[in-house]
Amino acid sequence: MQVKLQTLKTGFLLLFLISMPALLHAFQQQENSDNFTSFKGELLDQNTKKPLVSATLTIVNTQLSTVTNNEGEFLLKVPDNIAATMVELSYLGYATKVIELSSLKPEENTLFLTPVTTQLNAVSLTQYKDARGLVEQVFNNKSENYLGDQALMTAFYRESIKKRNRNVSLAEAVVNIKKEPYETNRKDIVSLYKSRKSTDYTRLDTVAVKLQGGPFNALYIDLMKYPEYFLGADGIDNYDFSIVETTEVNGIQVVVVDFKQKSEVDFPLYYGQLFINPNTLALTNASYSLNLEDETKASNLFVRKKPGKLTVIPTVANYQVDYREENGKWYYSYSNVDLGLTIKEKGKLFNSKYYLSSEMVITNIESIANITDFNKNKKFKSRTILADAASGFNDPQFWGEYNVIEPEKSIESAIKKIRRQLKRTGS
């Protein structure tokens, strides 16, 4: 992330990370099919009728999927050349449901999931009382539980920046990820396939905020692939762990482990929950936040460069990652990062508040064995700013049949405004 003080031509760079191919086979398959059917709707809690955020909808017997947005809304695109008949609805802590695709309408589908709560019995409490040992086994068993071969992932990525409640920057991309085996130290490769952006820095007064890293902001939340960003230099010794309950993920009971940094650790780490399958010892989900008690040290994790007259205080730093299982192997399927910042400028009475969001969903995955033609010019680097690299905002059908995360109301309103402006200017 980069912030510029425009009057001085200087700025600061915020690092939002946890502190290829031109036209690949997967894209060719989708690009060669012009026909698809879209299904829009919302997914709610059966009891409270509240929206379920980041719930997954998957076409059964395929790797096609999407997730709900922060308002519980979904947009699922199904190519007509896929013999799909069923859709699986899943959400952490809820009973998985499978419905017929034919039961969905193009618009205004309201679907429900029922929460599932299960308590640990005495046997389970005895079996899993060593929470730290359980977490250690999760990381030690990584090579057995997670992808052991390279894979090609198609993903949709979105990042947004708001000043208070006003959208300032919106960037979206379909990306290709060359996912390296989990047991290796090789970093994943990201290739930008399609992208668009819109920015309005006039709303930022003298400070412009830019997000550095693009899809890597979401990809590096993959704890099992990049444990160093989560555990820190001293690894698991930095944390205290405790088992609190069991719940359900995709119809399977999982153990919920609370964790927090030890009191003697004097630098910011994380606190939250890990969701572990006790049978396979695989991490299925994680939800956590950064400890922001020490404002200066927390700020240093995000700020790369800034004008001396600015003070940056992180107020929110929340993270979520979900995994999916296929043929006995788990892989990264979704993540999001939400960051809140208060920026104080010397000599100014009022502070500026910014909210940055970054999320990515894997919409398709396949073997990479038959794909050899990688275009290095398409490779996206972790220091690149997507809002600078992307092309301008394009037509309403820009994404075609690619599965995307349905825009929230505020983003949808911003998109409509952008299109009206483009229409007026003839762009």
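The values are calculated or read from the model by the stated rules, or taken from the named source; none is laboratory data. Everything numeric in this text was worked out from a predicted model, so none of it was measured. Note that we place each Cβ from the backbone using ideal geometry, even for glycine, and neighbour counts take in every protein chain shown. All accessible areas refer to the heavy atoms of the entire protein, side chains included, with ligands and DNA or RNA removed. Shrake-Rupley method; radii C 1.70, N 1.55, O 1.52, S 1.80 Å.
Counting the residues of segment 279-316 that are among the basic types (Lys, Arg) and touching a Lys or Arg at 6+ places or on another chain (Cβ under 8 Å) gives 1. Just to be sure before I move on: is Val321 more than 30 Å from Ile385 (Cα to Cα) and not polar (S, T, N, Q) in the structure I sent? Considered against the rule, which asks whether it is more than 30 Å from Ile385 (Cα to Cα) and not polar (S, T, N, Q), Val321 comes out as no.
For (1) more than 20 Å from the chain's Cα centre (by Cα); (2) open to solvent by less than 40 Å² (accessible area, probe 1.4 Å), each residue gets a yes or a no:
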position: Gln212; (1), (2): no, yes
position: Asn217; (1), (2): no, yes
position: Gly235; (1), (2): yes, yes
position: Val249; (1), (2): no, yes
position: Ile252; (1), (2): yes, no
position: Val257; (1), (2): yes, yes
position: Gly272; (1), (2): no, yes
position: Ser289; (1), (2): no, yes
position: Lys297; (1), (2): yes, no
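Of all residues in segment 31-71, those being in contact with a strand residue (DSSP E or B) (Cβ under 7 Å, 6 or more places away or on another chain), among the hydrophobic types (A, V, I, L, M, F, W, C) and not in a strand (DSSP E or B) number 4.
The single condition from (1) at pLDDT 90 or above; (2) surrounded by 22 or more Cβ atoms within 10 Å (Cβ to Cβ); (3) touching a Phe, Trp or Tyr at 6+ places or on another chain (Cβ under 9 Å); (4) not aromatic (Phe, Trp, Tyr) that Lys40 fails is (2).
Regarding segment 381-394, can at least one residue be identified that is assigned to a strand (DSSP E or B) and at pLDDT below 90? Yes, because at least one residue in segment 381-394 is assigned to a strand (DSSP E or B) and at pLDDT below 90.
Consider Lys178 carefully, then state whether it is farther than 30 Å from Gly328 by Cβ, basic (Lys, Arg), open to solvent by 10 Å² or more (accessible area, probe 1.4 Å) and in a strand (DSSP E or B). Taking the combined requirement at face value, the residue does not satisfy it.
Listed by position, the strands (runs of 3 or more DSSP E) contained in segment 271-366 that have at least 3 residues being of a type in the set (Asp, Glu), out of contact with any Asp or Glu (no Cβ under 9 Å at 6 or more places or on another chain) and over 20 Å from Val67 (Cβ atoms) form an empty set. Out of all the residues in segment 224-233, is one or more over 21 Å from Asn318 (Cα atoms), open to solvent by less than 10 Å² (accessible area, probe 1.4 Å) and among the aromatic types (Phe, Trp, Tyr)? Within segment 224-233 (the criterion being over 21 Å from Asn318 (Cα atoms), open to solvent by less than 10 Å² (accessible area, probe 1.4 Å) and among the aromatic types (Phe, Trp, Tyr)), the answer is no, since none of the residues qualifies. Within the option set Lys262, Lys309, being open to solvent by 30 Å² or more (accessible area, probe 1.4 Å), in contact with a helix residue (DSSP H, G or I) (Cβ under 9 Å, 6 or more places away or on another chain) and at negative phi holds for one residue only, Lys262. Remark: pairs (first residue in segment 243-261, in a strand (DSSP E or B); second residue buried (at least 20 other Cβ atoms within 10 Å of the Cβ) and small (Gly, Ala, Ser); Cβ separation under 6 Å; 6+ apart in sequence or on different chains) = Ile243/Ala131; Val257/Ala131. Among the residues making up segment 395-418, those that are at pLDDT 85 or above and among the β-branched types (Val, Ile, Thr) are Val404, Ile405.
The residue of segment 343-362 that is farthest from Asp149 (Cα to Cα), among those that are of a type in the set (Ser, Thr, Tyr) and open to solvent by 10 Å² or more (accessible area, probe 1.4 Å), is Ser352.
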